[in-house]
1. Arrange 83, 26, 10 by Cβ neighbour counts within 10 Å, fewest through most, would you?
2. Of all alpha-carbon pairs in the chain, indicate the percentage at a distance above 18 angstrom.
3. Given springs between every Cα pair under 10 Å in a Gaussian network model of the chain, which of 120, 104, 42 has the largest fluctuation?
4. Based solely on its DSSP helices, what 222 nm [θ] is calculated for the chain when runs of n ≥ 4 H residues each add -39,500 (n - 2.57) and the sum is averaged over all residues, nearest 500 deg cm²/dmol?
5. Testing the spin-label approximation: label points 7 Å from Cα along Cα→Cβ at residue 95 and residue 51. State their distance in nm.
6. Counting pairs of alpha carbon atoms under 8 Å apart in space and at least six apart in sequence, what relative contact order in percent does the stretch 74-124 give?
7. Ranked by Cβ crowding within 10 angstrom, fewest neighbours first, how are 58, 144, 67 ordered?
8. Give me 33, 88 sorted ascending by neighbouring Cβ count inside 10 Å, so fewest comes first.
């Protein structure tokens, strides 16, 4: 069976930055990543590159930002009043580079603090991998047909086809 629309694929993968070779994500030592193909669970380029792969097959590919997490969006840099971070400042953990999560109307939105001023803090809501090319090495572990329930829910239901 090949990876195609409405199959459930389980893969082992390692993602690296093409320039440095530094690993940013990997399933090594964990369960394989399982996803329902064609339902937007994965970044677009990953899905496209894996189509047609069979169990035991290994694929390597590099994705430009537009096929991965998109280009950086300067509009995703927000100024937030520093008083919102009083707790963190008291604890002495408010510093550039830390990642926090804002509770937004559409759900949790992670951001990274890029600047701390007297009054305002600059928060970067871009995905940390936005604007970056990503290299993947992927090995297909299992491919099966999705159940009707999985197709209806738009995601895979883990080993044995049920929720964890």
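1. Details: 83 10, 26 15, 10 20.
If I rank by nearby Cβ atoms, fewest first, I get 83, 26, 10.
2. On the way: 8992 of 13366 pairs.
Tail of the P(r) past 18 Å holds 67 percent of the pairs.
3. The residue with the greatest mean-square fluctuation here is 104.
4. Values: 3 runs with 18 residues, N = 164.
For the chain, the value works out to -2500 deg cm²/dmol.
5. 4.6
6. Values: 72 pairs, mean separation 21.7, N = 51.
In percent, rounded to a whole number, it is 43.
7. On the way: 58 11, 144 15, 67 18.
In order of increasing Cβ crowding within 10 Å: 58, 144, 67.
8. Working: 33 19, 88 15.
The most exposed by this proxy come first: 88, 33.
Values in this text are rule-based calculations from the coordinates and carry no lab data. On a predicted model such as this, the values are computed, not experimentally measured, just so you know. Here the Cβ is made from the backbone with ideal geometry for all residues, glycine too, and neighbour counts use every protein chain on show.
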